Amino acid sequence: QAQLVESGGGLVQAGGSLRLSCAVSVRTFSNYGMGWFRQAPGSERELVATISPRGDRTSYRDSVKGRFTISVDNAKNTVYLQMSSLKPEDTAVYYCNPVNTIVIDYAQPLLQWGQGTQVTISS
């Protein structure tokens, strides 16, 4: 029944790497851009990265530029977030969701949230 299933989170030390995966069951997946969001304890959910439907364009919030890479495998209906040089401030629950635009400042989620995957970075 779940339309969005995130996986790949875990506990890693600062400076380490982690790759998150998001399986999307929505039939119209290829027609929407996708976004990765995150929410730290006591904070609002924030958009981290977006990618266009065909994967030819991406956008990132300033704090993760140069460290995170979003990608998509349309054949597998899966979106990935490769995270490197991780910092304690990256600790959060990470979620994926189709977005209305890939413009990082304006993108909004289009589906109900999945359970997310916990990423914890130790210092």
For Glu89, indicate whether it is farther than 20 Å from Ser17 by Cα and modelled with pLDDT of 95 or more. no
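Can you pull out every residue in region 44-58 that is part of a loop (DSSP other than H, G, I, E, B) and either closer than 15 Å to Tyr106 by Cα or open to solvent by 60 Å² or more (accessible area, probe 1.4 Å) (or both)?
Step one: of region 44-58, the residues part of a loop (DSSP other than H, G, I, E, B) are 44-45, 52-57.
Answer for region 44-58, where residues must be part of a loop (DSSP other than H, G, I, E, B) and either closer than 15 Å to Tyr106 by Cα or open to solvent by 60 Å² or more (accessible area, probe 1.4 Å) (or both): Glu44, Arg45, Ser52, Arg54, Asp56, Arg57.
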If we ask which residues in region 1-41 are out of contact with any Gly (no Cβ under 6 Å at 6 or more places or on another chain), of a type in the set (Gly, Ala, Ser) and assigned to a strand (DSSP E or B), their number turns out to be 5
Here the qualifying pairs (Cβ atoms under 6 Å; residues six or more apart or on different chains; first in region 83-99 and farther than 15 Å from Ser43 by Cα and part of a strand (DSSP E or B); second aromatic (Phe, Trp, Tyr) and modelled with pLDDT of 95 or more) come out as Met83/Phe68; Cys96/Trp36
Exactly one of Arg38, Arg61, Arg19 is of a type in the set (Lys, Arg), open to solvent by less than 60 Å² (accessible area, probe 1.4 Å) and in contact (Cβ under 8 Å) with a residue 12 or more places away in the chain, and that one is Arg38
Among the residues of region 64-79, is any touching a residue at least 60 places away in the same chain (Cβ under 8 Å) and hydroxyl-bearing (Ser, Thr, Tyr)?
-> no
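This table checks each residue for (1) within 20 Å of Thr120 (Cα to Cα); (2) among the aliphatic types (A, V, I, L, M); (3) modelled with pLDDT of 95 or more.
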{"position": "Gln1", "(1), (2), (3)": "no, no, no"}
{"position": "Arg19", "(1), (2), (3)": "yes, no, yes"}
{"position": "Tyr32", "(1), (2), (3)": "no, no, no"}
{"position": "Pro41", "(1), (2), (3)": "yes, no, no"}
{"position": "Val48", "(1), (2), (3)": "yes, yes, yes"}
{"position": "Pro53", "(1), (2), (3)": "no, no, no"}
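The values are calculated or read from the model by the stated rules, or taken from the named source; none is laboratory data. These figures come from a predicted structure and were not determined experimentally. FYI the Cβ positions are ideal-geometry reconstructions off the backbone, even for glycines, and counts take in every protein chain you see. The protein model used for the area step is the full one, side chains on, heavy atoms only, and it has no ligands, DNA or RNA in it. Shrake-Rupley method; radii C 1.70, N 1.55, O 1.52, S 1.80 Å.
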